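Nothing in this text is a laboratory measurement; each read-out follows from the coordinates by a stated rule. Owing to the predicted nature of the structure, the values given are computational and were not obtained by experimental measurement. When we count neighbours, we look across all protein chains shown, and the Cβ atoms used for this are built from the backbone with ideal geometry, even at glycine.
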Amino acid sequence: MQPVTLRTERLVLSVPELGDADDVVAYANDPDVIASTPVPVPYGHAEARYWISDVVGAGWAADTRYEFGIRRADDLRLLGTVGLFAFADGAAEIGYAMHPDGRGSGIMTEAAERVLQWAFAGPPEGLGLVRVQWRAIATNTASASVAQRLGLRFEGRTRSSVLHRGSRHDQLLAAALHDDDRSAPMVWPTS
Ligand SMILES: CC(C)(COP(=O)(O)OP(=O)(O)OC[C@H]1O[C@@H](n2cnc3c(N)ncnc32)[C@H](O)[C@@H]1OP(=O)(O)O)[C@@H](O)C(=O)NCCC(=O)NCCS
């Protein structure tokens, strides 16, 4: 499909474009992003251009991945991204990353909530998905906090299930279904 633009009170969520390459390089080189996501290391302009064109652009065109760049409504700078991928039978996975300059003010929770609303809304307003799941390395408390604020329900811990930068890690799994009451978040037994 053609890329969609979503809005919230504070944010505009729109497809990252080649002009965003500097901003993508900036957040992709953040140590927390490197520690928590599979971004290539080192990450320069060639990697950013490839991601914007061949991953993001191609994903929208082929309906395999829908990535949104996150911007404040009054600032064109791309602070981070939130996206849906791994589509299968009415389900998908959500992933996100943010530059440190955009952290600590609820921007990611607000952006991801808007993407979930779009994911669960019926066509033509949304994708009509039934399930959106989230996975993260078990020590990634910042990502888990966002997922909890979104009202995702904890589904489990898969032991040594991901190989990341040469070491094996446990992963946490959580998900929302389209008819969940996400306003009453469940306490996660993550410790
Ligand atoms: C995961 C990540 C996006 C979370 O960013 P974040 O800024 O903590 O998330 P939010 O935008 O939702 O902000 C929440 C924080 O802002 C605070 N906040 C301030 N105003 C807020 C508001 N209006 N609404 C909600 N939270 C608000 C919250 O208290 C919270 O702080 P806390 O974590 O100290 O409790 C970020 O840490 C990151 O990019 N990490 C590296 C990449 C990564 O791990 N990606 C996920 C891989 S699975």
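I'd like to verify a number: residues in the stretch 159-191 that are within 18 Å of residue 132 (Cβ to Cβ) and either charged (D, E, K, R) or assigned to a loop (DSSP other than H, G, I, E, B) (or both), how many? Please lay out each step first, then the result.
Looking only at the stretch 159-191, we keep the residues that are within 18 Å of residue 132 (Cβ to Cβ), and these are 171-186, 188.
With either charged (D, E, K, R) or assigned to a loop (DSSP other than H, G, I, E, B) (or both) added as a condition, the list becomes 178-186, 188.
Result for the stretch 159-191: 10.
Take the stretch 155-191 and flag every residue that is of a type in the set (A, V, I, L, M, F, W, C) and closer than 23 Å to residue 127 by Cα. Can you show your working first?
First, the residues of the stretch 155-191 that are of a type in the set (A, V, I, L, M, F, W, C): 162-163, 172-177, 184, 186-188.
173, 174, 175, 176, 177 - these are the residues of the stretch 155-191 that are of a type in the set (A, V, I, L, M, F, W, C) and closer than 23 Å to residue 127 by Cα.
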Completion exercise
Counting only residues that are assigned to a strand (DSSP E or B) and free of Cβ contacts under 8 Å to residues at least 60 places away in the same chain, the stretch 1-22 contains a total of 1
Handout entry: Residues satisfying the stated conditions in the stretch 51-73, i.e. of a type in the set (A, V, I, L, M) and either out of contact with any Asp or Glu (no Cβ under 6 Å at 6 or more places or on another chain) or without any contact (Cβ under 8 Å) to a residue 40 or more places away in the chain (or both)
Key = 52, 55, 58, 61, 62, 70, 73
Handout entry: Odd one out for residue 41 among (1) β-branched (Val, Ile, Thr); (2) within 26 Å of residue 118 (Cα to Cα); (3) within 16 Å of the ligand (Cβ to nearest atom); (4) out of contact with any Pro (no Cβ under 8 Å at 6 or more places or on another chain)
Key = (2)
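So in the stretch 106-158, with the set limited to residues that are in a helix (DSSP H, G or I) and of a type in the set (Ser, Thr, Tyr), which one is farthest from residue 172 (Cα to Cα)? Outline the logic, then answer.
Within the stretch 106-158, the first condition is being in a helix (DSSP H, G or I), and the residues that meet it are 107-120, 141-149.
Keeping just the survivors that are of a type in the set (Ser, Thr, Tyr) gives 109, 141, 143, 145.
Details: 109: 18, 141: 10, 143: 10, 145: 12 Å.
My answer is 109.
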Problem - Restricting the stretch 86-110 to residues that are more than 7 Å from the ligand (Cβ to nearest atom) and under 9 Å from the mean Cα position of the chain (by Cα), the residue that is surrounded by the fewest Cβ atoms within 10 Å (Cβ to Cβ) - result: 93
Fill in the blank from the handout: Inside the stretch 164-186, the number of residues satisfying the requirement of being away from the ligand (no atom under 15 Å from the Cβ) and more than 20 Å from residue 91 (Cα to Cα) is 5
Completion exercise
Over the stretch 97-125, the set of residues among the aliphatic types (A, V, I, L, M) and touching a residue at least 12 places away in the same chain (Cβ under 8 Å) is 97, 98, 107, 108, 111, 112, 115, 116, 119
